[in-house]
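Here's the structure, in C-alpha cells; my notes come after.
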Amino acid sequence: MELASYSDYAVRLVNTEEPARGRDGLTSVEVVKELFGAASQMARRVTEADLTRFRTIRARLRAVFTAADEGDHTGAVDLLNSLLLEFPVSPQISGHDTLDEEGRPRWHMHLADHSSNATAGYAAISAMGLAFHLTEFGADRLGLCQAPPCRNAYLDTSTNRSRRYCSDRCATRANVAAYRARKRLEAERPDRTGRTAENSQESTTPADR
C-alpha cells in the first residue's frame, strides 16, 4: 500500500460528521469498525470507549483540513505534527499477498501498528497518511467542500489543483445553484431598468418637458 493512501483513513473519519447539519455518524462500535476497512486486525480491538476517543481525534483531523483550506499551511503542519508526536508509527517493509511475474514478493512500505488501543492505531495511520500526502502534493491539496452546507474533507488529486468539492454530487449541486442564481439576476435586470426609466420620467416637471 502506498503510504499516502493512508490519508483516506483521515478523510473517512472526518466525514462521519456534518457540523452544519448537526449530524454525527459515529453512533456505534460497528460504525467505528467499518472505518478501518481492510485493516481488520485493528478493528477487532474497538470498544465502546473508542467512540468518545474517535470523536476527539476527528476534531483534531478536521482542524488540519480547516487550516489548510483557509490557507494557513503552517498551522495545518503544526496541528499534524502534534498528532504525529502523540501517535507514532513504525514503518516496515512488507511483501505479503502480491507476487511479481517471477513469483517474488512485491515489496512495499507498510505502517505497523503497535498501539495500545484502536483509536491510537487509527490516529497514527491517519496522521502519517496525511503527512505523506501533504509533503508529496502540498498542503493546498487538503480541502473542505465548498458546496454549503456540506463541509466534507477531500484530498485534491487533480492535475491543476482545481478541486473544490468533495464529490460529483456536490459539484453538480453547486453548479446548478450558481446557474439558477445567474438566471434570477438576469430576469431582474430588465425590471430594474424599466422601473428606473419610469421613475426618471415621473420626476421631470412640465417645464422640463
Length gain on complete extension for the stretch Asp72 to Glu101, per 0.36 nm per residue less the alpha carbon to alpha carbon distance? 5.8 nm
Alpha-carbon spread of region 34-178, three principal axes, descending order, Å: 52, 44, 29
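Bear in mind these aren't lab numbers, they're just calculated from the coordinates by the rules spelled out. The structure presented is a predicted model; accordingly, all values stated were derived computationally and were not measured.
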